[in-house]
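To keep things clear, I will list the structure first and then write my remarks on it.
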Amino acid sequence: MAQAAAVGALLGASTAFLAPSAAPAPAPALRGAPHSSRDSTGPGLAGAAGVGAAALGLGLLAARPAATACRAAAVKKKGVKVVHGKEIPWNLFSPKAPYQGKVVENDVHKQTLTEPTGDANWETTHVTFDHGGKVPYIEGQSIGGSGFAVMKGEQPAKIRLYSIASSAVGDDQTSKTVSLCVKRVVEVDGKFANRQKGEDKPDKAGTAYPENQVYRGVCSNHICDMTPGDEVLITGPTGAEMLLPEDPEANIIMLATGTGIAPMRSYLRLLFHDKAGASSDGGRKFKGKAWLFMGVPYSKSLLYDDEHQTYKKAFPDQFRYDYAVSREQKNAAGQKMYIQTKMAEYAEELWEMMQDEKTHVYMCGLKGMESGMAECFGPIAEKNGLVWTEFAKAMKKADRYHVEVY
Ligand SMILES: Cc1cc2nc3c(=O)[nH]c(=O)nc-3n(C[C@H](O)[C@H](O)[C@H](O)COP(=O)(O)OP(=O)(O)OC[C@H]3O[C@@H](n4cnc5c(N)ncnc54)[C@H](O)[C@@H]3O)c2cc1C
Ligand SMILES: NC(=O)c1ccc[n+]([C@@H]2O[C@H](COP(=O)([O-])OP(=O)(O)OC[C@H]3O[C@@H](n4cnc5c(N)ncnc54)[C@H](OP(=O)(O)O)[C@@H]3O)[C@@H](O)[C@H]2O)c1
């Protein structure tokens, strides 16, 4: 009952997530005017702008009481959070009362995105869930899953969060689906094992290690093995760190390692692909520059490379794309090519961009990237009489440096 009420309220109030809770934003927002939740193009982008991208968590979020279309943030409402004066969807579904969705056939990507590399954990999947329009989210949020229907008695197993890889309207632009980019955790003869020798069976991709002790990640293997029609329990959405700026002229520098590409894909769909991001003059609402740096171990692991190449071709003046393939490339000094090694090739240009208050940096994936940034920009900051850590701190304070790593 509570869940039904929450869902009904969400349907009625979904535009509230996109509406300013205090004074209306003066400039036209990146996301444009809000749409009705029943509109085929889904929720508008106006609200997300200024709020930034949010991560959507798949999991078992308890149904929250109805969110209403309020303007003031004075009264704490359930199911929404006010970020920079705007309401965004927030923990509409909890672990105790998750939303029950279904895995759908994806019209954009088939499940497995990568090719076998010889490593046990080579597989990363793109999986899409139908949420019937009842789990609204915005770019940069996450959803949680507790093993996605892996139950311990009446309760789901421990919740895992996943960054949402689709834009608010979903890959099919109906606002009824959410997609994730999930890496299958497989560890062979490591510290932990949940399959003894002889017990490991081929997964959906056909990979098996029957001769070894194997640890298979509970949630990631469950998701990677799903097929269309399977039920899934979703919690969230959550996350306010990775939201996109509202200013359509903002510049977006994206740094992703591996599945850290998920929120960046969400942004790029909005900026360069979706109807929701199109302007009335036939161009895009987004007028700034977007520059993606992606770090992966092998060229066979270059996630969403096809989409990035398409944007690069269609928007050469707005989208730049560079990648670091750590186990195949080296820099001129013979060093392993990490994302920061690649960025160092453009350090002056990037530094210049970061001086512009319209520039936002988004970092997602491995924690090591943070110290990598210091290596990359420390010398140039010093040359300019600054200390990188202080500069990064100031950017964070100005809400221009968004980091989600671990
Ligand atoms: C905000 C956020 C966003 C995320 N987004 C993504 C995303 O977009 N895509 C993605 O693929 N992942 C993402 N993750 C990671 C994800 O949440 C999971 O952690 C990941 O999928 C592994 O979960 P699992 O259940 O498969 O593995 P688990 O079963 O949880 O195993 C994880 C690790 O625990 C170790 N382990 C096993 N037993 C023990 C023990 N007894 N003691 C200590 N350690 C043990 C294993 O060796 C293994 O390395 C995100 C995480 C966060 C916090
Ligand atoms: N919102 C979030 O917080 C969020 C979202 C998505 C993913 N994640 C996390 O991000 C991680 C991504 O892992 P993955 O398995 O998907 O990635 P992956 O495919 O293994 O790629 C990671 C790449 O980063 C390189 N790398 C290793 N150490 C680095 C360092 N210090 N600095 C820069 N690059 C470095 C790796 O190189 P080598 O392996 O060759 O050394 C590899 O090329 C996971 O831990 C995932 O859970 C977090």
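Points to keep in mind about this one:
Listed here are the residues, each with its yes/no results for (1) touching a Ser or Thr at 6+ places or on another chain (Cβ under 8 Å); (2) β-branched (Val, Ile, Thr); (3) farther than 15 Å from Asn251 by Cβ.
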| position | (1), (2), (3) |
| --- | --- |
| Lys342 | no, no, yes |
| Met354 | no, no, no |
| Cys364 | yes, no, yes |
| Glu370 | no, no, yes |
| Asn384 | no, no, yes |
| Lys396 | no, no, yes |
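- Flag for Phe315 being surrounded by 21 or more Cβ atoms within 10 Å (Cβ to Cβ) and more than 16 Å from ligand 1 (Cβ to nearest atom): no
- Per the listing Gln340, Gln335, Gln329, the residue uniquely modelled with pLDDT under 95 and away from ligand 1 (no atom under 16 Å from the Cβ) is Gln335.
- Total residues in segment 363-406, condition over 27 Å from Val83 (Cα atoms), away from ligand 2 (no atom under 16 Å from the Cβ) and surrounded by fewer than 17 Cβ atoms within 10 Å (Cβ to Cβ): 7
- Scanning segment 175-190 for residues that are touching a strand residue (DSSP E or B) at 6+ places or on another chain (Cβ under 9 Å) and more than 16 Å from ligand 2 (Cβ to nearest atom) yields Lys176, Thr177, Asp189.
- Residues that are open to solvent by 30 Å² or more (accessible area, probe 1.4 Å) and under 15 Å from Glu246 (Cβ atoms) within segment 262-283 are absent altogether.
- Pair list, Cβ under 6 Å, 6 or more apart: segment 187-205 residue among the small types (Gly, Ala, Ser), other residue surrounded by 10 or more Cβ atoms within 10 Å (Cβ to Cβ) and assigned to a loop (DSSP other than H, G, I, E, B): Ala193/Gln213; Gly198/Pro210; Ala205/Glu123
- Among the residues listed as Ser301, Ser326, the single one being open to solvent by less than 50 Å² (accessible area, probe 1.4 Å), within 16 Å of ligand 2 (Cβ to nearest atom) and touching a Pro at 6+ places or on another chain (Cβ under 6 Å): Ser326
- In segment 365-379 there is no residue that is out of contact with any strand residue (DSSP E or B) (no Cβ under 8 Å at 6 or more places or on another chain), modelled with pLDDT of 95 or more and among the charged types (D, E, K, R).
- Taken over segment 389-401, the criterion of being in a helix (DSSP H, G or I) and of a type in the set (Lys, Arg) is satisfied by Lys393, Lys396, Lys397.
- Residue within segment 235-244 that is farther than 25 Å from Ser301 by Cβ, open to solvent by 60 Å² or more (accessible area, probe 1.4 Å) and not charged (D, E, K, R) present: no
- Residue that is farthest from Val185 (Cα to Cα) [pool: residues in segment 213-222 that are away from ligand 2 (no atom under 15 Å from the Cβ) and open to solvent by 30 Å² or more (accessible area, probe 1.4 Å)]: Gln213
- Any chance Arg320 is basic (Lys, Arg) and surrounded by 15 or more Cβ atoms within 10 Å (Cβ to Cβ): yes
- Test: residue in segment 223-232 that is within 14 Å of ligand 1 (Cβ to nearest atom), touching a Lys or Arg at 6+ places or on another chain (Cβ under 7 Å), open to solvent by 10 Å² or more (accessible area, probe 1.4 Å) and over 17 Å from Ile164 (Cα atoms): yes
The values are calculated or read from the model by the stated rules, or taken from the named source; none is laboratory data. These figures come from a predicted structure and were not determined experimentally. Note that we place each Cβ from the backbone using ideal geometry, even for glycine, and neighbour counts take in every protein chain shown. With ligands, DNA and RNA removed, areas are computed over all heavy atoms of the protein, side chains included. Shrake-Rupley method; radii C 1.70, N 1.55, O 1.52, S 1.80 Å.
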